[in-house]
Amino acid sequence: MKKSLWVAAALLAAGAAQAQSTDTLKKIKDTGSVTMGVRESSGVLAYTLGDNKFVGYHVELCQRALDDIKKQLGLAKLDVKYQVVTSANRIPLVTNGTVDIECGSTTNNASRQKDVAFAVTAYVEEVRIATKANSGITSISQLNGKSVATTTGTTSVQLLRKHERATGVDFKEVFGKDHADSFLLLESGRADAFVMDGQILAGLIAKSKAPADYKIVGEVLSVEPIAIMMRKDDPAFKKAVDDTLKGLFKSGEIAKIYDKWFVQPVPPTGAKVGHPASDATKAAWANPNDKPAEDYLKK
Amino acid sequence: MSSNWDWQMYCRTTTEQTVADHCLGSGGDITYLQWLMSAWGWTLSVSVLGLLVALVVGALIGILRTVPDRRLAMVGEVWTEFFRNIPLLVQLFLWYHVIPGIFPALKAVPAFALVVVGLGFFTSARIAEQVKAGINTLPRGQRFAGLALGLTLPQTYRHVILPMAFRIVIPPLTSESMNIVKNSAVAFAVGLAELAQYAQQVSEESSHFEEVFIPVTLLYFLSAFAINRLAGFIEKRVRVPGILGAK
């Protein structure tokens, strides 16, 4: 955390001095290279295999978009550089030009849209409840007086707080320092439920000692569009990326790519996440849009 | 990109993000300022209670390590080496995850109590080391003189050895007391809502990293420095003229 802060601070300083190039396509053409921002561990959306190799659903979508851009610009070779980003430094790195396209697990929301642009949404995350299969819990209203685990540093913490206040359901929050830790709280019985992004819950359950002992239950607590992030005010680059995605949505190929990462065994261990596309995700494919999370709440 | 600081975030409520009057939330709703203060409260509570545990246990173990009875001294040695040679974070995980796995009844114990005990025992090993060093600094003749005068061993400790030994170890104990404030940040790992947890959560929630970390840093500094000054005051008050450089 500390390290990333220093990096962010240094970049802020550097960014102030450095002139911004908003024409990313021109930059790609001139330099023959592009920098992709990736995450080390964001479920199957973006993760590392070690040795500077990055894979995942969003990483693959970005690679396809960059392939199309390479053809469009008539480049013989496009050098894709990978830059690891964290939730703390991803926005500064995009705005100051270090990263051209960020392919991780960034929620598209209104406050971020002031600083950056997002490609059309290819994945909609649903916040869900995981519990022990024999707990008898089927809804958030049954969590009254129960212990609920969630991970420090995620939007789920805020979501639970709002929910508690809005509905008067009173539960005891216990915080894990990371997702594995929160799952341990559920596993050891310290927490009765674990509230988190559906994809992360599915992945943790799949990797647990006894996957049949857990299930994902209840209503969807929140939906958030997770999208590929780019610099603001660069319509040509955004259009190029969007066109690739829209093409995949239209041809139906997106379903195959989704299946590859979220349903089939994934490298390096061949574990299965087992998280078929939700209705919200399918809706985003049917009607390509870059609406922020706030618009999803209005429905 | 210029820095656009937004200190007003402290007056916003943690649920609806609206700016509250006087920076105080109402009807069970709290602002980030109130959350920060509550987090500071947890840090101070853990530190102060942990320090009490550490001082009491550490002094006892330190004394135990200097008594003539070999078996008792051994108990003190084992305690010190055990708690001194395992990283604090690992100790907290042992208290939180491993020991309740063996004794399920301990799962009902709140994380706060476990952190106080964990932090207290860890620091007690270090304090025991200093108390032992303080006692061993005194010439052995003082102990023999006390016993020769007809005092029992506990009386010799109470009236001859400890009054001097404790004065000698005040400066290193001050450092230990300041360390416990800083070490309390590991409580974040077991989900206690203290300053480090606050910093982690709120910086992610608000994306205002500087505005979150600067006050947290200052509060840690302030807490540790207050202990330093308090210890300095105690040291001055208990000084015996003519020894240890006192005038």
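The values are calculated or read from the model by the stated rules, or taken from the named source; none is laboratory data. Only a predicted model underlies this, so the values are computations on that prediction, with no experimental measurement involved. With ideal geometry, Cβ positions are generated from the backbone for all residues, glycine too; neighbour counts draw on all protein chains shown.
Worth pointing out:
- Only one of the numbered conditions (1) within 22 Å of residue B:172 (Cα to Cα); (2) among the aliphatic types (A, V, I, L, M); (3) buried (at least 20 other Cβ atoms within 10 Å of the Cβ) is violated by residue B:48, and that is (3).
- Of all residues in the stretch B:114-140, those that are buried (at least 20 other Cβ atoms within 10 Å of the Cβ) and more than 19 Å from residue B:84 (Cβ to Cβ) total 1.
- When residues of the stretch B:138-182 are limited to those that are touching a residue at least 24 places away in the same chain (Cβ under 8 Å) and of a type in the set (S, T, N, Q), the one nearest to residue B:233 (Cα to Cα): B:174
- Verdict on residue B:127 being aliphatic (A, V, I, L, M), closer than 22 Å to residue B:186 by Cβ and in a helix (DSSP H, G or I): yes
- Single condition residue A:151 does not satisfy, out of (1) under 17 Å from the mean Cα position of the chain (by Cα); (2) assigned by TED's automatic domain parsing to the domain that holds residue A:276; (3) under 21 Å from residue B:201 (Cβ atoms): (2)
- Residue among B:226, B:187 that alone is within 20 Å of the chain's Cα centre (by Cα), loosely packed, with under 15 Cβ neighbours inside 10 Å and either within 17 Å of residue B:51 (Cβ to Cβ) or without any contact (Cβ under 8 Å) to a residue 12 or more places away in the chain (or both): B:226
- In this structure, residue B:143 does not qualify as surrounded by fewer than 16 Cβ atoms within 10 Å (Cβ to Cβ), among the basic types (Lys, Arg) and over 22 Å from the mean Cα position of the chain (by Cα).
- Residue within the stretch B:206-221 that is aromatic (Phe, Trp, Tyr) and touching a residue at least 40 places away in the same chain (Cβ under 8 Å) present: yes
- Here residue B:203 passes the criteria (1) within 14 Å of chain A (Cβ to nearest Cβ); (2) among the polar types (S, T, N, Q); (3) within 22 Å of the chain's Cα centre (by Cα); (4) surrounded by 21 or more Cβ atoms within 10 Å (Cβ to Cβ) except the one numbered (3).
- Among the residues of the stretch B:1-46, the one identified as within 10 Å of another protein chain (Cβ to nearest Cβ), modelled with pLDDT of 80 or more and touching a Leu at 6+ places or on another chain (Cβ under 9 Å) is B:30.
- Each residue in the stretch A:153-163 was checked for being touching a residue at least 60 places away in the same chain (Cβ under 8 Å) and either on the phi > 0 side of the Ramachandran plot or facing chain B (nearest Cβ under 9 Å) (or both), and 2 of them qualify.
- Residue that is farthest from the other protein chains (Cβ to nearest Cβ), among those in the stretch A:164-180 that are surrounded by fewer than 20 Cβ atoms within 10 Å (Cβ to Cβ) and under 22 Å from the mean Cα position of the chain (by Cα): A:180
- Check on residue A:150, touching a residue at least 12 places away in the same chain (Cβ under 8 Å) and at the interface with chain B (Cβ under 10 Å from one of its Cβ atoms): yes
- Residue pairs whose Cβ atoms lie under 8 Å apart, separated by 6 or more positions or on different chains, with the first residue in the stretch A:203-220 and more than 19 Å from residue A:137 (Cα to Cα) and the second basic (Lys, Arg), are A:206/A:272.
- Residue A:283, sole failed condition from (1) surrounded by fewer than 18 Cβ atoms within 10 Å (Cβ to Cβ); (2) touching a residue at least 24 places away in the same chain (Cβ under 8 Å); (3) within 29 Å of residue A:53 (Cβ to Cβ): (3)
- Strands (runs of 3 or more DSSP E) enclosed by the stretch A:26-121 - at least 2 residues per element that are free of Cβ contacts under 8 Å to residues at least 40 places away in the same chain: A:46-50, A:53-55
- Scan the stretch A:276-297 for residues that are assigned to a helix (DSSP H, G or I) and among the polar types (S, T, N, Q) and the total you get is 1.
- Residue match in the stretch A:41-54 (condition: farther than 23 Å from residue A:206 by Cα, acidic (Asp, Glu) and not assigned by TED's automatic domain parsing to the domain that holds residue A:194): yes
- Residue in the stretch B:104-135 that is nearest to residue B:39 (Cα to Cα), counting only those that are within 13 Å of chain A (Cβ to nearest Cβ) and without any contact (Cβ under 8 Å) to a residue 60 or more places away in the chain: B:110
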